[in-house]
């Protein structure tokens, strides 16, 4: 299992199934929304707003079809100043994929930068190869078609997110999905 709950951005957390069932932990982080993505995703706790997505951690599983709903769910909770926990079973693959798609949508980050940012806060983050391909495809096609969904929702809130300017990368700088010199963990504190 992943290493417990990690704050990725203000009011956005990644965790595992155990974290999602811990009312004290959720209250401690003001988490009122849970995006649950696993084979048996279903609401568990009363008084929590859920988005439940039934999906397996298999490279052929299509998560892209859930990106838009997930992005809106996460962003709406953050706009209210309420915490959102995104989790799967271990908090390593499916949930990380959805959070990376969210970060891509509200920033100028590509999938490599967004994943590196998540890994700086949650080192165990590791979407399976199929999910990585879906994130790359999302960046190359659908992301451009989305008129930065969340920026339309609230430009003021979106501007408080971290931002990395895109720039050309030298292939030797990309190692295991991390880009040297680009992870700035201090941006995630807050």
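Every read-out reported here was derived from the displayed coordinates using simple, explicitly stated rules and does not represent laboratory data. Values in this document were obtained by computation on a predicted structure and should not be read as measured data. Cβ coordinates were reconstructed from backbone atoms using ideal geometry, including for glycine residues, and neighbour counts include every protein chain displayed.
General remarks:
- Ranked list, fewest to most other Cβ atoms within 10 Å of each Cβ, for 124, 109, 88: 124, 109, 88
- Inter-label distance, residue 68 to residue 52: 2.4 nm, where each label sits 7 Å from its Cα along the C-beta direction.
- Sorted by Cβ density within 10 Å, fewest first, the residues 87, 29: 29, 87
- Gain in span if fully extended, residue 44 to residue 18, counting 0.36 nm per residue against the direct Cα distance: 8.2 nm
- Computed from the C-beta positions of residue 108 and residue 141 and an R0 of 25 Å, the FRET efficiency is 0.90 to the nearest 0.05.
- Shown for 67, 131: other C-beta atoms within 10 Å of each C-beta, ranked fewest to most, produce the order 67, 131.
- Residues residue 30 and residue 133, FRET efficiency given R0 of 41 Å [Cβ-Cβ distance, rounded to 0.05]: 0.75
- Its alpha carbons considered, region 39-97 gives a radius of gyration followed by a Dmax of 11.9, 35 Å.
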